[in-house]
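Throughout, read-outs are computed from the coordinates displayed, never taken from laboratory work. None of the values given here were measured: they were computed from a predicted structure. Please note: Cβ atoms are built from the backbone with ideal geometry, for glycine as well, and neighbour counts cover all protein chains shown.
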Amino acid sequence: MTSIYRNIKKSISEGEKLLAVLIDPDRFSIKNTKKFIGKVNASITTHIFVGGSTVDENATEVLVSEIKKHSTLPIILFPGDHNQITDQADALLFLSLISGRNPDYLIGQHVDSISKLKNTTMEIISTGYILVESGKETAVEIVTNTKPMPRNNIQHIVDTSIAGVFLGMKLIYLEAGSGALKALTPSIIHAVRKSIDIPLIVGGGIRNKAQLEEAYQAGADVVVIGTAFEEDESFFEELRRE
Ligand code: 1GP
């Protein structure tokens, strides 16, 4: 086990809740990096995720290198496709979209990434990625050409999560999709939480502190927020480190 995953597990065992700020290179002005990361550093953020559904080649590497100049927080890739992989980051969520049935996102992108990854020292974390319906069509759904799981069939979401664990995945990422109209409900999060014993990441449509707390209460170990910070950086003020 290498350090980032080990530290996530350690934090969880100590009762700590983790917050990842998601930065999408496609929707972020590199000129704003220093100012934005300054706010991230002053907040309760524990991890920086970088990735998006459609990102120009090299944009991820440029952004990761720039973030590193201003923060010591772990930078974890959350790539929409294999072109976004750069070993400038500290770790990679090696995502398999197990809610979908598109072989390209179950295994194809992974095979295509190996030429970049076979000699890397970057930490690679196998992650079961589960997209749940959220009130509107999201970019993940369009780009991956997969259907999200219906939110009222909680048992199917739970079974998918357990299948991910049985396949040897190290994390489950429950996703409503970036900019989701409806974040995941506490009942979905809680049902998955009590069925698996690996770290649970939750993201999509979380826009305020009350929703963040609700996700933690329901059992999320790591919450990911992107759009809310993109739209209003003053949200960081509410999440300042004490
Ligand atoms: C998207 O879960 C992340 O993949 C974050 O979603 O942009 O809605 O915060 P938001």
Calculated from DSSP helices alone, with each H run of at least 4 adding -39500 (n - 2.57) and the total divided by the residues of the chain, [θ]222 nm to the nearest 500 comes to -9500 deg cm²/dmol
Contact order relative to length for the range 3-238, counting C-alpha pairs under 8 Å separated by 6 or more residues, stands in percent at 18 percent
Expressed in angstrom and rounded, the centroid-to-centroid distance over alpha carbons for the range 207-242 and the range 59-81 is 20 Å
With DSSP loop assignment and no more than 14 other C-beta atoms within 10 Å, the GluC sites (Glu not before Pro) in the range 133-166 are Glu137
The answer for the net charge of residues other than Val50 whose Cβ lies under 10 angstrom from its Cβ, with Lys and Arg +1 and Asp and Glu -1, is -2
Note, Asp232: beta-carbon cut-off 13 Å, +1 each Lys/Arg, -1 each Asp/Glu, net -2
Expressed as a whole-number percentage, the relative contact order of the range 1-57 with C-alpha contacts under 8 angstrom and at least six residues apart is 46 percent
Expressed as a percent, the portion of alpha-carbon pairs in the chain spaced more than 28 Å apart is 24 percent
If each K or R counts +1 and each D or E counts -1, the residues other than Lys116 whose Cβ falls under 13 Å of its Cβ total -4
Once the in-chain neighbours fewer than 8 apart are removed, the aspartates and glutamates whose Cα is under 15 Å from Lys136 read Glu175
Longest the chain segment clear of trypsin sites (Lys or Arg not before Pro) sitting in DSSP loops (not H, G, I, E or B) with at most 16 other Cβ atoms within 10 Å runs 1-68
One would report the antiparallel percent of DSSP beta bridges in the chain, rounded to the nearest 5, as 5 percent
Counting only DSSP loop positions in the range 141-242, the chymotrypsin sites (Phe, Trp or Tyr not before Pro) whose Cβ has at most 13 other Cβ atoms within 10 Å are none
Of the range 86-104, those with amide N under 12 Å from the point 7 Å along the Cα→Cβ vector of Lys147 are 100-101
Given pairs Lys35/Lys209; Lys35/Lys118; Lys118/Lys182; Lys68/Lys147; Lys68/Lys116; Lys9/Lys182 and cut-off 32 Å on Cα-Cα distance, the over-length ones are Lys35/Lys118; Lys118/Lys182; Lys68/Lys147
